[in-house]
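Here the structure is laid out as structure tokens; the discussion comes afterwards.
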Amino acid sequence: MKKNHNMGFMMIEIIVAVSIIAISVIAATAVAQKSIFVGRQAFHTAQAGFLLEEGAEAVRINRDNDWNNIKNLSAGTNYYPTYSGGTWTLSTTLNTVGIFTRRVVVAAVKRDNTTKDISSTGTDDAFTKLFTVTVSWPEGTTTITKTLPFYIMNIF
């Protein structure tokens, strides 16, 4: 009779041990999965940072080649940096880099008539433009977007 009681207790111990092991494996798997997701997201964010800087360089190169490359861009239009013929150009044709979509938008700049500072009112400055480079990519079920706004002036 005593032998049956020990068998029942031993079965409970086995069930508890298997449950603890199963929960530990599930928790370790969840942590590993989240770690991979966070690592991939950090990697993509670093790549996006490089693509933002490269987009800004493409705009600077266009300015350095000829101010008309900048002056003739339409405000509010999406442009896509493209490396072609040994230099950077800004095209209206969608251009992706792997999973990343990079676009450049130009806006007019106004200067205060008195202080000559950049402001929301005043006179248009034909020799200064505001550019915003945007890089976006899908991450899981959402789209991540990073932006880099900067001013370009005709320095030549």
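Throughout, read-outs are computed from the coordinates displayed, never taken from laboratory work. The shown structure was predicted, so the numbers you read here are calculated from the model rather than taken from an experiment. Here Cβ is always computed from backbone atoms with ideal geometry, including for glycine, and neighbour counts include all displayed protein chains.
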Checklist entry - In degrees, nearest 10, range 0 to 90: what is the angle between the Cα axis of helix 2-65 and the longest Cα principal axis of the chain? => result 10 degrees
Item to check | nm² value of the averaged projected area, convex hull over the Cα atoms of the chain | outcome: 15.5 nm²
Checklist entry - If you take the C-alpha gyration tensor of the stretch 70-156, multiply each eigenvalue by 5 and take the square root, what semi-axes do you get, largest first, in whole Å? => result 29, 17, 9
Checklist entry - In the Gaussian network model of the chain, springs joining C-alpha atoms below 10 Å, which of 25, 97, 135 carries the largest mean-square fluctuation? => result 25
Checklist outcome for this item: Between residue 71 and residue 151, Cβ-based FRET efficiency (R0 22 Å, step 0.05) works out to 0.95
Checklist outcome for this item: Candidates 54, 13, 139; GNM for the chain (alpha-carbon contacts under 10 Å) flags as most fluctuating 13
